[in-house]
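Read through the structure below, which is laid out as structure tokens, and then see the notes.
The values are calculated or read from the model by the stated rules, or taken from the named source; none is laboratory data. Note that the structure is predicted; figures quoted are calculated from it, not measured. For neighbour counting, all protein chains shown are included, and Cβ atoms are generated from backbone atoms with ideal geometry for every residue, glycine included.
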């Protein structure tokens, strides 16, 4: 049986002369391996260790932050082209905002729409999306502060304007606000602080939530006030609304969340 281990010259097949010419293809692999980082025997990866960690962190999600992940951020900026190439190999693309200091992965869209989905789309309810807008307002009103901290009670009070239009009593609406608050942390839009009920707002919101989401929430609110339901839309990480997505009673959108899934 022929040894097919990468980086080794395979022995001659049974019955071949002992001095038979080696497999030049395998020999070429061996020479190529000598120029690679080689983190373990047989390693054929071309990225160094910090860049691999940055790539893995991006795929795990939800995002990389220049403030929170300093070493990984430096590796990403140093090796951007190579990391993007690896992401493209699995039908993903990289979104980077140097000014904000965040980067995240999103699925690519092929012309025929047949690209596998490496990053799952997590549906957001209408109230989730409305909460994102409230958090974004706080972030933009901070006038460039290093950290923007907000409390759940403060956000819930601002969302109370939607309770009547949604047809919810006080206790049911509070339960839904709590669920949306949990989703903000789950998807990386907020970070917990040492104070219970208060969170730090992620700068990611500055990128993914834009005028389109403001208009979508306003339109949904007007439909609910008129006795209809909110539009069913899906929102990608750059805030680009697309048809389809969530279908629950008060669903208002979805957002790409960096959770790898099995290839289909």
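Yes or no, residue by residue, for (1) closer than 21 Å to residue 203 by Cα; (2) assigned to a strand (DSSP E or B):
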position: 74; (1), (2): yes, no
position: 83; (1), (2): no, no
position: 100; (1), (2): yes, no
position: 113; (1), (2): no, no
position: 121; (1), (2): yes, yes
position: 128; (1), (2): yes, no
position: 138; (1), (2): yes, no
position: 156; (1), (2): yes, no
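Can you tell me which of 143, 153 is closer than 21 Å to residue 65 by Cα, without any contact (Cβ under 8 Å) to a residue 60 or more places away in the chain and assigned by TED's automatic domain parsing to the domain that holds residue 218?
On the way: 153 fails: closer than 21 Å to residue 65 by Cα.
Step by step, each of 143, 153 is checked, and only 143 is closer than 21 Å to residue 65 by Cα, without any contact (Cβ under 8 Å) to a residue 60 or more places away in the chain and assigned by TED's automatic domain parsing to the domain that holds residue 218.
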Problem - Checking residue 91 against (1) more than 28 Å from residue 182 (Cβ to Cβ); (2) surrounded by 23 or more Cβ atoms within 10 Å (Cβ to Cβ), the condition it does not meet - result: (2)
Problem - Any hit, region 104-124, residues being under 20 Å from residue 47 (Cα atoms), surrounded by 15 or more Cβ atoms within 10 Å (Cβ to Cβ) and within 20 Å of the chain's Cα centre (by Cα) - result: yes
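Quick check: is even one residue across region 158-180 within 25 Å of residue 69 (Cα to Cα) and either buried (at least 22 other Cβ atoms within 10 Å of the Cβ) or over 22 Å from the mean Cα position of the chain (by Cα) (or both)?
Going residue by residue through region 158-180, those that are within 25 Å of residue 69 (Cα to Cα) are none.
Checked region 158-180: no residue is within 25 Å of residue 69 (Cα to Cα) and either buried (at least 22 other Cβ atoms within 10 Å of the Cβ) or over 22 Å from the mean Cα position of the chain (by Cα) (or both).
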